[in-house]
Every structure is written in structure tokens, then in C-alpha cells.
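The values are calculated or read from the model by the stated rules, or taken from the named source; none is laboratory data. Keep in mind the model is a prediction, meaning the values are calculated, not measured. In this analysis, Cβ positions are derived from the backbone assuming ideal geometry, glycine residues included, and neighbour counts consider all displayed protein chains.
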Amino acid sequence: MKKVLVIDDDVVMYRLFQIQVKRAGCEGYFFRDGKSAIDRLDEIKPDLAVLDYNLPDIEGDELYKIIRANEYCAGIPVVFVTGTVHEQYLQKIKALGANAVLSKPFSPRKLQVLIKELLEME
């Protein structure tokens, strides 16, 4: 079973991710802060990461670099979610190398489809 790492501090989004990751047929690992997730990367060895860009303990670009530097996560797809929607901000996130950026609010079904596409699941 594919493993999806999700980091989001918003309680509502956290629950939405739990539901959609399960519906996508994946095993989910959910965290509300970056540090807790970073500490478990070697153990989890995720196949995909879904990251809130604006976490209270770490900014998205720094978190992205840490995840990419991990030997188990160097090549995995990364999806950023953000509540900030102006174009320059979204371009900054895309420039990091993320596979996708979802602006909140987004369709839960879209998230499920995106997970399956990035993990090449049917």
C-alpha cells in the first residue's frame, strides 16, 4: 500500500486529508507540525507528501528542502496546499519544484484524483 505523508495544522483540513487519503486507497501519516513529521521520515518512507505551506513551526520552502534532502523522500511527488492564492505566491511555490499546488478551499475529490495520479494508481 502506498504511503502518504500529510502535514497541515488546520483541524478541518486534517480531517479532510484523512478521509481522502483513505478513499484513494493509501495509508496515511498525518501531522499538525513539520518537526514531528521530519523526525519520522526515515521510519515512514512516504511515497507522496502533501504539505501545508504555512505551518506555525516551519515555512513550506524550508520543509520542502528538508524532505528532499532525506534519502527516502528525494524523488517523491510533493503537493503543497495553501490558503494564500495570489499568483506571485503560487509561482514561488511552484518554483520550488512541487508537483502540484492546491489553493484552499479545493475539491476533496480533486485531491483524491491528484493523489492517485501522482502515485500512478488506477
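Overview of values
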item	result
Top-ranked residue in region 54-64 [being part of a helix (DSSP H, G or I) and at pLDDT 90 or above; ranked as surrounded by the fewest Cβ atoms within 10 Å (Cβ to Cβ)]	Glu62
Single unsatisfied condition, Gln18 versus (1) under 18 Å from Leu102 (Cβ atoms); (2) surrounded by 16 or more Cβ atoms within 10 Å (Cβ to Cβ); (3) without any contact (Cβ under 8 Å) to a residue 40 or more places away in the chain; (4) touching a Phe, Trp or Tyr at 6+ places or on another chain (Cβ under 8 Å)	(2)
Extreme residue, surrounded by the fewest Cβ atoms within 10 Å (Cβ to Cβ), among residues of region 97-122 that are in a helix (DSSP H, G or I) and in contact with a strand residue (DSSP E or B) (Cβ under 8 Å, 6 or more places away or on another chain)	Lys110
Selection from region 1-47 of residues that are in a helix (DSSP H, G or I), within 20 Å of Gly75 (Cα to Cα) and among the small types (Gly, Ala, Ser)	Gly34, Ala37
Flag for Ile67 being within 11 Å of the chain's Cα centre (by Cα) and either surrounded by fewer than 16 Cβ atoms within 10 Å (Cβ to Cβ) or part of a loop (DSSP other than H, G, I, E, B) (or both)	no
Matching residues, region 71-96, being touching a strand residue (DSSP E or B) at 6+ places or on another chain (Cβ under 6 Å), farther than 24 Å from Pro46 by Cα and surrounded by 13 or more Cβ atoms within 10 Å (Cβ to Cβ)	Leu90
